[in-house]
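K.L.:
Below you will find the structure I want to go over with you.
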Ligand code: ATP
Ligand code: MG
């Protein structure tokens, strides 16, 4: 590409609408353009990157014998009613009607459609294993589209599905996909952590997510560097340390204006771990008291897995239910309400809890005696420094971006859609399925999060829009312009992606833009070096800068590329 003939310009200033580095860089470099919340155009340089990503994803899928399909983005309501997801997808699903009033959706994922195809095509155990995939546009009306293309409402996904006759077959298909994913992420230059995850509305048994560590991520992951335990916060466990038992008679004490855990703990001279944090959530079934230890936090992902979609109660709702303001409430003495508690509270006593009266708390609370807990279930967020569930060593907690997610689905979709096969004994059974997704734009955004440093980008070689950028620093200097143009032509003939900055701009401008475009190799053509018959070769991903004679620049570039 000749920059003089390309009309998408870079942006000098920091885009105000972008909070995270990848979003800023992609806007400034002219890779993407936003039209509405979570709706973006991908511009030519961005599209080159996405095409590179899709190319290598295809190569790795093809290499494990996965066949490529192309399914429609629109799908009929009936399919989703059968699986139950017409309901459960809720507002995340874009819905529409055709001219005859038939309801359809813009598919947020394709389990249903692929399962229908399997139902029509796989009839016997002899036809399996099968693995199918596609790269298609998905539509999700996300609650909070943000962070550039990390969370958008229309995005490209590679989604693959496996079909097996028995659980062992599923394990093998899952293993093949998992290995292929690790190769894909290695080739895209991303360092991923594979973590245990929650299957959410997808259903099924095990699932794992592929995570890129980044402060810009929406997810939190917990990991142990000692034994390798790694899990999404939504399912992460830590060892239960119970607080010791204490004073046992229930007493109401005056705690004027002391609402927060810190205030109450300081005022009463009691450690935060001996307080009960009582929160009220509103879910479809009504109000639920959610209890964790005072020094712990409720993880809303874990909570949603137990009580479904929910929200914290408003102060007025809290008052109506308990008679007290936030900070003074607990389920003690409140009838007919569901109470769930974190296992760290099981069997403990000598605790402090709200007395359901403003400015008062109870001391001497005994969990077994004073409360009727409906269920003890994991609700706390694992905090750094807590002990690993497997080995007891200290856990780390980091922010991360999910780039891929693989599921052992089992028979949920095949049963719902009647995808059955005949086994060796001639009896009919539901096909055992797996589902495997990768976000194409998210890979691009994660690469920027990883490889943009000190105001310059260096793209990983397999996905870079251009391997080489040629920078003639003064286009009015004929010799510079000629050398640049010749090198551009010969490298193009070699099939190498090259960007030539042949604009009549100052060197400073060219370098600034080049650092946004992020080619791993620069050839800088300047008058001073040319006086010695040289140009400068910068192999940026190897931190190498050297002067190279004009005659050997082409071969040295090829060498740097490994051709
Ligand atoms: P998240 O938890 O981030 O919403 P998800 O669990 O809903 O992701 P999956 O349904 O497993 O995602 O989709 C597979 C992959 O598609 C994800 O790993 C991610 O890379 C990508 N993806 C999902 N939602 C979006 C989105 N709104 N924008 C961009 N990519 C997405
Ligand atoms: Mg999602």
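Nothing in this text is a laboratory measurement; each read-out follows from the coordinates by a stated rule. All of these numbers come straight from a predicted model, not from anything done at the bench. In this analysis, Cβ positions are derived from the backbone assuming ideal geometry, glycine residues included, and neighbour counts consider all displayed protein chains.
K.L.:
For region 355-396, list residues with backbone N below 13 Å from a point placed 7 Å from the Cα of residue 227 toward its Cβ?
P.N.:
Once the point is set 7 Å along Cα→Cβ of residue 227, 387-395 turn out to lie under 13 Å by backbone N, inside region 355-396.
K.L.:
Figure the gain on full extension for residue 35 and residue 102 (residue separation times 0.36 nm, minus the Cα-Cα span) and round it to one decimal in nm.
P.N.:
21.2 nm
K.L.:
Give the residues of region 247-289 whose amide nitrogen is closer than 18 Å to a point set 7 Å from the Cα of residue 387 in the direction of its Cβ.
P.N.:
273-274
K.L.:
Report, as a whole number in µm² per second, the diffusion coefficient that Stokes-Einstein gives for the chain at 4 °C and 1.567 mPa s using the Kirkwood radius over alpha carbon pairs.
P.N.:
Reported coefficient: 47 µm²/s.
K.L.:
Once the Cα gyration tensor of region 231-387 is found, what semi-axes does its equivalent ellipsoid get, as square roots of 5 times the eigenvalues, in whole Å, sorted largest first?
P.N.:
Here the semi-axes work out to 22, 19, 14 Å.
K.L.:
Hey, what D do you get for region 1-138 in µm²/s if you plug the Kirkwood alpha-carbon radius into Stokes-Einstein at 10 °C and 1.306 mPa s?
P.N.:
85
K.L.:
Hey, any idea what the orientation-averaged projected area of the convex hull of region 102-220's Cα atoms comes to, in nm²?
P.N.:
9.4
K.L.:
From a point 7 Å beyond the Cα of residue 241 in the direction of its Cβ, which residues of region 261-287 have a backbone N at a distance under 16 Å?
P.N.:
Within reach of a label on residue 241: 271-275.
K.L.:
Compute the angle between helix 167-187 and the longest alpha-carbon principal axis of the chain, please, reported from 0 to 90 degrees and rounded to the nearest 10.
P.N.:
Between the helix axis and the principal axis of the chain, the angle is about 50 degrees.
K.L.:
Follow-up question, since we're still on this one. When the Kirkwood hydrodynamic radius is evaluated over all pairs of different C-alpha atoms of region 362-506, what value in angstrom, to one decimal, is obtained?
P.N.:
Roughly 23.3 Å, rounded to one decimal.
K.L.:
Can I ask one more? Determine the gain in length on full extension of the stretch residue 259-residue 19; use 0.36 nm per residue of separation and subtract their C-alpha separation, reporting nm with one decimal.
P.N.:
Stretched out fully, the residue 259 to residue 19 stretch lengthens by 83.0 nm.
K.L.:
With the crude spin-label approximation of a point 7 Å out along Cα→Cβ, what separation in nm comes out for residue 394 versus residue 454?
P.N.:
Placing both labels 7 Å along Cα→Cβ, they lie 3.1 nm apart.
K.L.:
Take residue 87 and residue 271, extend 7 Å from each Cα along the Cα→Cβ direction, and tell me the distance between the two endpoints in nm.
P.N.:
It works out to 4.6 nm between the two label points.
K.L.:
Based on Cα positions only, what radius of gyration and what Dmax would you give for region 65-129, in angstroms?
P.N.:
My reading of the Cα-based Rg and Dmax gives 13.8, 42 Å.
K.L.:
Follow-up. Find how many whole Å separate the alpha carbon centroid of region 338-388 from the alpha carbon centroid of region 484-563.
P.N.:
Answer, in whole Å: 65.
K.L.:
Using only helices, what value at 222 nm comes out for the chain when you add -39,500 (n - 2.57) per DSSP H run of length 4 or more and divide by the total residues, to the nearest 500 deg cm²/dmol?
P.N.:
Rounded to the nearest 500, it is -8000 deg cm²/dmol.
K.L.:
Sticking with this one: Measure nothing fancy, just the Cα-based angle from helix 44-63's long axis to the longest principal axis of the chain, in degrees from 0 to 90, nearest 10.
P.N.:
Compared with the principal axis, the helix lies near 70 degrees.
K.L.:
Additional query: Counting other beta carbons within 10 Å of each Cβ, put 515, 505 in order, fewest first.
P.N.:
Ordered by Cβ neighbours within 10 Å, fewest first: 505, 515.
K.L.:
R0 = 45 Å: FRET efficiency of residue 478 with residue 215, Cβ-based, nearest 0.05?
P.N.:
0.40
K.L.:
For 207, 391, what ranking results if the residue with the fewest other Cβ atoms within 10 Å of its Cβ goes first?
P.N.:
By the 10 Å Cβ count, ascending: 391, 207.
K.L.:
So, one more: May I ask you to sort 237, 68, 449 by Cβ crowding, counting other Cβ atoms within 10 Å and putting the fewest first?
P.N.:
68, 237, 449
K.L.:
Just to verify a number: FRET efficiency for residue 74 and residue 168, C-beta to C-beta distance, R0 = 35 Å, to 0.05?
P.N.:
Computed FRET efficiency for residue 74 and residue 168 comes out at 0.45.
K.L.:
Could you give the length gained on full extension between residue 316 and residue 427, defined as 0.36 nm per residue of separation minus the Cα-Cα distance, in nm?
P.N.:
Taking 0.36 nm per residue and subtracting the Cα distance, the gain is 34.1 nm.
K.L.:
Any number yet on Rg/Rh for region 404-457, C-alpha, Kirkwood?
P.N.:
A ratio of 1.41.
K.L.:
If you don't mind, there's one more thing I want to ask. Angle, helix 111-121 long axis vs. longest principal axis of the chain, Cα atoms, 0 to 90°, nearest 10?
P.N.:
Its long axis makes an angle of about 80 degrees.
K.L.:
Can you tell me the FRET efficiency between residue 124 and residue 285 if r is taken as the Cβ-Cβ distance and R0 is 30 Å, rounded to the nearest 0.05?
P.N.:
Working from the Cβ atoms, E equals 0.10.
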